[in-house]
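What follows is a short report on a single structure.
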Amino acid sequence: MERSELWMRIRRLKNSPRTGMTRHCAWGAKDDELLQEGYRASATKKRKAIQELRKRHPDWSANSIWKRASRLGLVRKKFTKGQERLFQRWSEDDDQELLSLAGEKTLSFIAKFLHRSHNSVRCRLGWLGKRTRTQYDGFARRTLAEQLHMGRKTIQKLIARGLLEVQDPRITRKSISELKGSGILSTMHMVGEALPGSAMDSDDSSSWTQPPEAAQGSSELISESSAEVSRAKRVWAEVGKKLDISEVSVRKLIEQSRLRMYDPRITEDSFRSFCRRYGALINETFLDRETRAWLRGSMDWNPTAGQEIAAEVAPGKVHALQVRTCSRCGRLVRGNGFFRHKKRCRAKPH
């Protein structure tokens, strides 16, 4: 017999109709009762119940008994991982758990915790009038800068100088590796490292921009920094030792966003302390009524605190006193940012 004939014979035997698979089994009340007792008791009694049914009905197959148990609701249906409740309706308890987790946990965590899909959780939150965005503690740098009408670089500088604290001041490994690959670190080592007064710090001569321990123009700032050793100072000192640079250089690299932190959101306590000690850095004329009331009522804002430091920064903010209107979109833009907006504005002229 040739090879092709053998394969044809195998296919014929493989696809031949099987007998006894569609045979009807007449289940009685006693058979159902025996099957239910076995499944509900234990695995051992379940096997004994199946063996007893096979003895009573020799023509019954094990598959027919399992199908009967499934119809009676005795077999727990197996799903793939994370799909246990994919097609189930949302109950009131599910909605309560979902609302308690929304805003505090990520979408992936909620879906895994409730055994639902991402789309199911997102649609249910939308139906309940909630968002999937996680609300973290603290203030984002961009949001705080827009609300206080301060530059983002100014906020970053305040963080680097220790006037504002963040949630997690640790430096990311990615930013350290990028700094090493950029060649800036090797250049700093060749020129004897960038210390205050060197080429790296020549563009910032104001005392408020120096680190708290190096500030010469404010005795209040020196006393505050010497009395409190923050976590950021310890972490950045360790980074400086690893990179073989001083802590001042680490702060400068953070100001320039060459070294990035894991969680740069500003803590509420540090911002309240900033409003209480250095409130003069916030220009009251730039604030709207709601922001001014929020700062006074919730953040203990003292507009006269830290005037010595604010006097050095005030000359650079004279341009922000003028508000211009865009002729295309009609937007009010404060300061020199108007010219940048005018170049980028794509609205049609009125």
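The values are calculated or read from the model by the stated rules, or taken from the named source; none is laboratory data. Because the structure is a prediction, the values reported are computed rather than measured. Backbone-built Cβ (ideal geometry, glycine too); neighbour counts: all protein chains shown.
Some points to look at:
- Single condition residue 44 does not satisfy, out of (1) β-branched (Val, Ile, Thr); (2) exposed (fewer than 11 other Cβ atoms within 10 Å of the Cβ); (3) at pLDDT below 85: (3)
- Applying the criterion of being hydrophobic (A, V, I, L, M, F, W, C) and over 30 Å from residue 116 (Cα atoms) to the residues of the range 47-80, the residue that is modelled with the lowest pLDDT is 62.
- Those helices (runs of 4 or more DSSP H) of the range 188-295 in which at least 3 residues are at pLDDT 85 or above, considering only elements entirely within it, cover 231-243, 247-255, 268-277.
- Any hit, the range 321-337, residues being in a helix (DSSP H, G or I), in contact with a strand residue (DSSP E or B) (Cβ under 9 Å, 6 or more places away or on another chain) and not assigned by TED's automatic domain parsing to the domain that holds residue 167: yes
- Within the range 114-144, being part of a helix (DSSP H, G or I) and exposed (fewer than 15 other Cβ atoms within 10 Å of the Cβ) holds for 118, 119, 123, 126, 127, 142, 143.
- Residue pairs whose Cβ atoms lie under 6 Å apart, sitting 6 or more positions apart in sequence or on different chains, and linking a residue in the range 333-350 that is closer than 19 Å to residue 286 by Cα to a partner that is among the hydrophobic types (A, V, I, L, M, F, W, C) and not in a loop (DSSP other than H, G, I, E, B), are 334/320; 334/323; 335/320; 341/333.
- Taken over the range 145-173, residues that are crowded, with 17+ Cβ neighbours inside 10 Å, small (Gly, Ala, Ser) and more than 14 Å from residue 236 (Cα to Cα) amount to 1.
- In the range 232-267, the qualifying residues are those that are polar (S, T, N, Q) and closer than 23 Å to residue 187 by Cα, and the one that is surrounded by the most Cβ atoms within 10 Å (Cβ to Cβ) is 249.
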